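As structure tokens, the structure follows; a few thoughts come after it.
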Amino acid sequence: MIKEEISKLYFENEKLVNLVPDKLLKWATKVMEENWDNAKDDESRKKVEYKIYHTLAVIQAGWDIMTQIKSVELDKSTGTIVCLFHDIGRFPQAAKSNSYIDEVSGMDHAQVGAEMIKKENFLIDNIEEIIEAVYWHSRKEYLGENIYAKFGLFQEILNRGRLKYLIF
Ligand SMILES: [Fe+2]
């Protein structure tokens, strides 16, 4: 991968461009590019790259869920932003520490991600729900009412192949 491919991968996806406000998509790809640039070594850069592809896969999985499972009634734009942002904290984690394991890196990637988004002060609907969804997406369970937090956790569970814990 070369750096220029990162935003290309995201901006050539028409559905993504239509569902996510430009400012947010630009910010997400900028975070990816900066951490790709700042990766401390080749192994770290590979980990950043992996998450760039992983995020796209999660966005696709999110669309599948939102369109195929009738009980999931989410705003598609908000749901897509949750998928796009869910692992945003992984990029600085991979670039700095060469590890995805929160205990090894000393970083709670979900908390870091939520804080990164908060700092941007995005003026969009449902931003609080989105931040909460990112914060909770890697926890064991979420008992609140925020459907986007349930959706974020659902995505994570899907990734881990732990379908028996489905919560929708
Ligand atoms: Fe995650």
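The values are calculated or read from the model by the stated rules, or taken from the named source; none is laboratory data. If you're wondering where the values come from, they're calculated on a predicted model, not measured in any experiment. Counting neighbours? That spans all protein chains shown, and the Cβs are built from the backbone with ideal geometry, glycine included.
Mind checking which residues of segment 81-98 are of a type in the set (Val, Ile, Thr) and within 14 Å of the ligand (Cβ to nearest atom)?
Val82, Ile88
Among the residues of segment 1-24, count how many are touching a residue at least 60 places away in the same chain (Cβ under 8 Å) and β-branched (Val, Ile, Thr).
1
Taking Ala28, is it assigned to a helix (DSSP H, G or I), within 16 Å of the ligand (Cβ to nearest atom) and at pLDDT 95 or above? Walk me through how you get there before you give the answer.
Numbers: assigned to a helix (DSSP H, G or I): yes; within 16 Å of the ligand (Cβ to nearest atom): yes; at pLDDT 95 or above: yes.
Yes.
Among the residues of segment 106-115, is any more than 15 Å from the ligand (Cβ to nearest atom) and either closer than 16 Å to Met32 by Cα or surrounded by fewer than 24 Cβ atoms within 10 Å (Cβ to Cβ) (or both)? Let's see the steps before the verdict.
Residues of segment 106-115 that are more than 15 Å from the ligand (Cβ to nearest atom), as a first pass: 106.
Right, trim to either closer than 16 Å to Met32 by Cα or surrounded by fewer than 24 Cβ atoms within 10 Å (Cβ to Cβ) (or both) and you get 106.
Yes, the conditions are met somewhere in segment 106-115.
Can you name the condition, by its number, that Ile101 falls short on among (1) under 20 Å from Glu49 (Cα atoms); (2) within 14 Å of the ligand (Cβ to nearest atom); (3) surrounded by 14 or more Cβ atoms within 10 Å (Cβ to Cβ); (4) modelled with pLDDT under 95?
(3)
Give me a count of the residues in segment 116-142 that are buried (at least 18 other Cβ atoms within 10 Å of the Cβ), free of Cβ contacts under 8 Å to residues at least 60 places away in the same chain and not β-branched (Val, Ile, Thr).
Result for segment 116-142: 9.
Tell me which residues, restricted to segment 37-56, are under 11 Å from the mean Cα position of the chain (by Cα) and crowded, with 17+ Cβ neighbours inside 10 Å.
Result: Lys51, Ile52, Thr55.
Kindly indicate the residue of segment 31-72 that is without any contact (Cβ under 8 Å) to a residue 60 or more places away in the chain and not in a helix (DSSP H, G or I) and also farthest from Glu145 (Cα to Cα) among those meeting that condition.
Asp41
State which residue is nearest to the chain's Cα centre (by Cα) when the search covers only segment 116-140 and only residues that are part of a helix (DSSP H, G or I) and within 14 Å of the ligand (Cβ to nearest atom).
Top of the filtered list is Val134.
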